[in-house]
Ligand SMILES: [Ca+2]
Ligand SMILES: [Ca+2]
Ligand SMILES: [Ca+2]
């Protein structure tokens, strides 16, 4: 009887060890699962979104108060259009935006510039209303106004760093 009980105890111990080992494994994985969940559900977690947000804030925030008002947005967008139209033909194409990478690399590094240019290209081409693969100044200005409204999550007519970091999430879906 005693021997039987001892035999019974053994698999039970094994099972407990297995349960604890499994639990330990899940505990180790928790931070990873958390990060994955964040990457999936947080709009700001689009790769490069913070880089792009920071870039826009830096160049558009002319009074350096940490946010972009409607006037700064209009001014910044107009200046961006001029900067982006590399071949000066009055409209911005995907190739124009690609051409910005070299200059941006000085500011953002190679990887940062690649990511930022890819996002900017996608966002700019959403403004191509007539689908001719180029964005005219008119398309850009009209789309830019709508863009501000989409980004201003709390409707205070100012874009903060956090709101700007959601550019890809809010403009590309
Ligand atoms: Ca400002
Ligand atoms: Ca067009
Ligand atoms: Ca706002």
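Condition test on residue 150, is it within 16 Å of ligand 1 (Cβ to nearest atom) and within 16 Å of the chain's Cα centre (by Cα)?
It is false that residue 150 is within 16 Å of ligand 1 (Cβ to nearest atom) and within 16 Å of the chain's Cα centre (by Cα).
If you take the residues in the range 75-110 that are surrounded by fewer than 18 Cβ atoms within 10 Å (Cβ to Cβ) and touching a residue at least 40 places away in the same chain (Cβ under 8 Å), which one is nearest to ligand 2 (Cβ to nearest atom)?
90
If you check every pair at least six apart or on different chains, which have Cβ atoms under 9 Å apart with a residue in the range 125-138 that is closer than 9 Å to residue 92 by Cβ first and a residue that is within 16 Å of ligand 1 (Cβ to nearest atom) second?
As it stands, the answer is 137/78, since those pairs meet every condition given.
Quick check, is residue 146 surrounded by fewer than 19 Cβ atoms within 10 Å (Cβ to Cβ), within 16 Å of ligand 3 (Cβ to nearest atom) and outside any loop (DSSP other than H, G, I, E, B)?
The answer is yes for residue 146.
Return the total of residues in the range 91-120 being under 19 Å from residue 147 (Cα atoms) and either within 13 Å of the chain's Cα centre (by Cα) or not assigned by TED's automatic domain parsing to the domain that holds residue 76 (or both).
5
The values are calculated or read from the model by the stated rules, or taken from the named source; none is laboratory data. Predicted, not measured: the structure shown is a model, and the values here were computed from it. FYI the Cβ positions are ideal-geometry reconstructions off the backbone, even for glycines, and counts take in every protein chain you see.
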